[in-house]
Amino acid sequence: MESHTQSVSDAIQSSDYAGLSVIFTSQWQSLGQGEQRTLASHFIKTAIASPSFFPDAFRSPQIMSVITTTLNHLPPTVDGAADNVLRQKIFDFKVNEEEDYSTAARILSGSRMEENEGSVYYMPPVDRCDIFVKVAECYLGEDLTVEAEGAVTKAGTIIESTGISIISNAEEDGGTKDERTVTLMLRYKSVYARVLDANRKFLQAATKYHDLSTAYLHTDAIDADDLMSMLGKAVTCAILSPNSAQRQRVLGLVYKDERLSQLDVIPEFQSHSAVLTKMYLNRIVQKRELEQFESSLADHQKAIMADGLTIVERGVLEHNMVAVSHLYTSIYFTQLGELLGVVDAVKAEKVAAKMISDGSLSGSIDEVEGVLRFHPAKAKEESALLHWDETITSFCMQLNKVTDAVRAN
């Protein structure tokens, strides 16, 4: 065994990639499990301690294969948590040099993290959370939304169970704000909103984006342009959300934001304020406005659904259906299709039937006459309930803002 460890040390010192590959392939199979773990641990500790082996060795497919083998055959502990140090070095190299985000995320997510302060693998909650946020950010960079959601969920669990928040670290810095924790919480909230957006949970994403755009409004944590971008994304997701009372509340929340009109000077969001205003005020969105808005969307926001409509077409169609109900007591589907401008009479009837069945539209369908009849009395009752819901939601949002402001100071 001593001969193997010495061979590994010599090969690392001389950057003999081929020699290391032989040791961890053909010679590797002749070793017992205990010897494999000892040799794997020795390789990692020696490689990390070498001032010249990394990062050049990361460019060698042979060494990356050796690293994979050693990381999969480690003893319960490695001195100095050297395997975690190696994973961090690989992560940095993959992100900064190769832009291979999925591999970087997979490597870093394998880090050993324990809550026991006596363990060599102990990590404070902030460090554990930071790792999962980094992993989620990388997976999102490769559009791997399922994996990103898994990582951000783990980060959220750590935050909830340990009470990480934007707080003052009085013990360490005399009560000044812990900037690292502030940045971490910002990154977590941002990546969480992006995950919701990528998974087409637009209503939740809109709320998170808007929270981000307001919670840091009077701090230096986020650049002013980035805050406006968050607001623009909140508008996008609110518009894309399925028609519901909750959606109307979120539309109202964003509509009442005094910065909304400022989006008009940002090319990416030029049409957003006009579309959102019409939606909140129950006005019909024209086809031209829809096309301009749709041209600014990301690919996942342009997906075609089972009914043959894109997400935004369905959202605007459902909104326009409700808007029409405020103008007419009844309307022929042929006329409705022309008025909506994005669907024919058959599709208009299908959408109306679905909205009536799920309670988002008050009305009835006369299939013989091809007429949609609206029920304004019931709509009025729903409007009163909606106003009450908006009042409660506004109070909760203001309370959240006050809480975040207290924590930030």
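Taking into account only those residues within the stretch 279-295 that are open to solvent by 40 Å² or more (accessible area, probe 1.4 Å) and touching a residue at least 40 places away in the same chain (Cβ under 8 Å), which is nearest to S357 (Cα to Cα)? Top of the filtered list is N282.
Can A148 be described as of a type in the set (A, V, I, L, M, F, W, C), in contact with a Cys (Cβ under 7 Å, 6 or more places away or on another chain) and in a helix (DSSP H, G or I)?
On the way: of a type in the set (A, V, I, L, M, F, W, C): yes; in contact with a Cys (Cβ under 7 Å, 6 or more places away or on another chain): no; in a helix (DSSP H, G or I): yes.
No: the conditions fail for A148.
Residues in the stretch 305-332 that are closer than 16 Å to R373 by Cβ and open to solvent by 20 Å² or more (accessible area, probe 1.4 Å) were compared, and the one that is nearest to the chain's Cα centre (by Cα) is V322. The listed residues are A40, A49, and the only one of them that is crowded, with 17+ Cβ neighbours inside 10 Å, aliphatic (A, V, I, L, M) and under 22 Å from A81 (Cβ atoms) turns out to be A40. Report the residue count in the stretch 120-140 for those that are free of Cβ contacts under 8 Å to residues at least 40 places away in the same chain and open to solvent by 20 Å² or more (accessible area, probe 1.4 Å). Final tally of qualifying residues: 8.
Checking the stated criteria, M279 turns out to be within 18 Å of F202 (Cα to Cα) and at pLDDT 85 or above. If you go through the stretch 184-223 and keep only what is open to solvent by less than 70 Å² (accessible area, probe 1.4 Å) and modelled with pLDDT under 85, you end up with A215, Y216, L217, T219, A221, I222. Number of residues in the stretch 333-360 that are open to solvent by 10 Å² or more (accessible area, probe 1.4 Å) and in contact (Cβ under 8 Å) with a residue 40 or more places away in the chain: the value is 7.
Exactly one residue out of S244, S273, S296, S229 is at pLDDT below 85 and of a type in the set (S, T, Y), and it is S244.
Kindly indicate whether any position in the stretch 67-90 is open to solvent by less than 20 Å² (accessible area, probe 1.4 Å), not small (G, A, S) and not in a helix (DSSP H, G or I). Scanning the stretch 67-90 turns up at least one residue that is open to solvent by less than 20 Å² (accessible area, probe 1.4 Å), not small (G, A, S) and not in a helix (DSSP H, G or I). Number of residues in the stretch 144-183 that are among the basic types (K, R) and modelled with pLDDT of 90 or more equals 1. Answer yes if at least one residue in the stretch 232-242 is farther than 28 Å from T183 by Cα and open to solvent by 30 Å² or more (accessible area, probe 1.4 Å), and no otherwise. Checking the stretch 232-242: at least one residue is farther than 28 Å from T183 by Cα and open to solvent by 30 Å² or more (accessible area, probe 1.4 Å). There is no residue in the stretch 29-42 that is assigned to a loop (DSSP other than H, G, I, E, B) and of a type in the set (S, T, N, Q).
The values are calculated or read from the model by the stated rules, or taken from the named source; none is laboratory data. None of the values given here were measured: they were computed from a predicted structure. Virtual Cβ from ideal backbone geometry, glycine too; neighbours counted across all protein chains shown. Keep in mind that these areas ignore ligands, DNA and RNA; they rest on the heavy atoms of the full protein, side chains included. Shrake-Rupley method; radii C 1.70, N 1.55, O 1.52, S 1.80 Å.
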